Structures are given as C-alpha cells and as structure tokens.
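Asker: First the structure, then my questions, so here it is.
The values are calculated or read from the model by the stated rules, or taken from the named source; none is laboratory data. Source: prediction; values computed, not measured. As a convention, Cβ positions derive from the backbone with ideal geometry for all residues, glycine included, and neighbour counts pool all protein chains shown. Ligands, DNA and RNA are excluded from the accessible area calculation, which covers all protein heavy atoms including side chains. Shrake-Rupley method; radii C 1.70, N 1.55, O 1.52, S 1.80 Å.
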Amino acid sequence: MGAAFMTGRSAVAVRKGWQKPSRLYGWVIRTVVCVAAVAFRNPMDTVDLIVWGLAALAFAWGVLSVLRQKPPEDLTRRIFPDEP
C-alpha cells in the first residue's frame, strides 16, 4: 500500500515539475512488483482483488494528498513588521 501511495504522490509531483520522472518510474516498478507478488503465491482469489483495490485507493489517496496541499504560509509580515 505504501508503494502505491508514493506512486500517486510522485505522479502528481512529476506532472507539476517538482520531481524527475525517474523517481516515478522507481515507485511504479515497486508497486507493480508488490502487487504481482500477491498474485504469484496462489491462483487469483478474493484476497488478491481486495489487495489490488486497496492499492488503487492508496494511489488515489496519494494523488489527493499532493493536490490538496496548502500553499506555504507567507510569514514576511511577522518576521519583518512595518516600522512606523
């Protein structure tokens, strides 16, 4: 789930130009390997579908967490108050 979450965050960061695409590729590879490892152990069953669904939710949560970030607070007036 963590890899899927970070894939979502990296996807938005690459789209906004904050990160290099190579970091996104790394998270995508980790996510695919982890999700494929769940299905590799036995034939596909309900647990696999639940894990894949949770990974999709974690990806969406990662995307939303970056899109809904507050802009940094402007502290200029607090640090340098106007002098009369």
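Asker: Filter region 6-50 down to the residues that are under 19 Å from LEU64 (Cα atoms) and among the small types (Gly, Ala, Ser) and list them by number.
Answerer: Matches in region 6-50: GLY8, SER10, ALA11, ALA13, GLY17.
Asker: Looking only at residues in region 34-47 that are among the hydrophobic types (A, V, I, L, M, F, W, C) and open to solvent by 90 Å² or more (accessible area, probe 1.4 Å), which one is modelled with the lowest pLDDT?
Answerer: Ranking the qualifying residues of region 34-47, first place goes to MET44.
Asker: LEU49: touching a residue at least 40 places away in the same chain (Cβ under 8 Å), part of a helix (DSSP H, G or I) and over 11 Å from the mean Cα position of the chain (by Cα), yes or no?
Answerer: When the stated conditions are applied, LEU49 does not pass them.
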